Amino acid sequence: MKLTRLLAFLAFAPALLMAPACVSVKSMMKGPPSAAISTRLPALEILADQGPLAMNDGALPEDPLKLFQQECRVNLTEPTDTATFGYAKLVVKKVRTIRTGRGLQGLQVLTFLVPAVIGIPLEWYKTTLQAEVQVSDAAGNLLGSYVGNGTSAVKVAMYHGYSQTTAPRLADVIALRGAMAQIRPQLDTATARLRPLLLSGGTVENPTLPSSTVTGSR
């Protein structure tokens with residue numbers, strides 16, 4: 001009888017591990033913190049290249065562009081509904097995600113997930129990422145490139161963490177935001193040089209508003 005109950009529980013355990021956690025992901029996917037650079041860049045076409053992130057199991061194809069658009073709108077560029085004066089392109093250069101603590105899952109299953117219920121994580125998704133922001137004038141001439149690195153550690157847990165379906169994406173998003181946070185002060189310093197070059201370079205022909213260009217695919 002005990003063996004039958006154990007086998008039934010083991011069959012049901014994966015569903016528990018995949019069940020949505022109580023912590024909300026939506027709050028983590030909102031815009032970046034307000035930390036505007038001292039003098040904003042003129043309005044730019046916003047581009048994104050997933051690079052190796054396209055091969056990861058976490059971020060969605062649209063996430064890099066969406067996050068970079070938010071960063072530019074909140075912190076980096078002036079608003080516009082007509083002209084843009086160049087391009088800002090986010091390029092993911094390197095990414096690596098590892099899962100740690102998976103050995104605990106076997107022990108948790110054998111104990112009927114009691115440790116998980118009281119808050120012990122099932123595992124962690126840890127992402128390290130390097131991204132680059134390239135700023136070009138309207139003719140496509142590269143004016144500057146700025147590199148940042150980001151890391152994350154997102155736990156999978158019942159009630160006190162994220163599910164196995166959302167944790168990989170969140171790990172990538174947090175690491176990407178960390179990289180952009182490192183790039184922001186570099187752009188702040190470079191604005192005095194970039195702004196006159198962008199304005200003197202004229203406007204982009206046939207601008208797309210809102211900017212919505214992403215390259216790379218899964």
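Each reported figure results from applying straightforward, stated rules to the coordinates on display, with no laboratory input. These numbers come from a predicted model, not from an experiment. Please note: Cβ atoms are built from the backbone with ideal geometry, for glycine as well, and neighbour counts cover all protein chains shown.
The table below lists the values:
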item	result
By average C-beta atoms within 10 angstrom, highest first, the peptides 31-44, 51-64	51-64, 31-44
Burial ranking of peptide ranges 67-75, 196-204, 147-155 (average Cβ count within 10 Å, highest at the top)	67-75, 147-155, 196-204
Prolate/oblate/rounded label for segment 129-172 (Cα gyration tensor, a/c 1.5)	prolate
Centroid-to-centroid separation of segment 162-196 and segment 67-82 [C-alpha atoms, Å]	14
Packing-based ranking, highest mean first, of 131-144, 171-184 given that Cβ atoms within 10 Å are counted	171-184, 131-144
Virtual spin-label span in nm between Arg193 and Ala139, 7 Å along Cα→Cβ	1.9
Compactness index (Cα Rg / 2.2 N^0.38 Å), segment 147-192	1.52
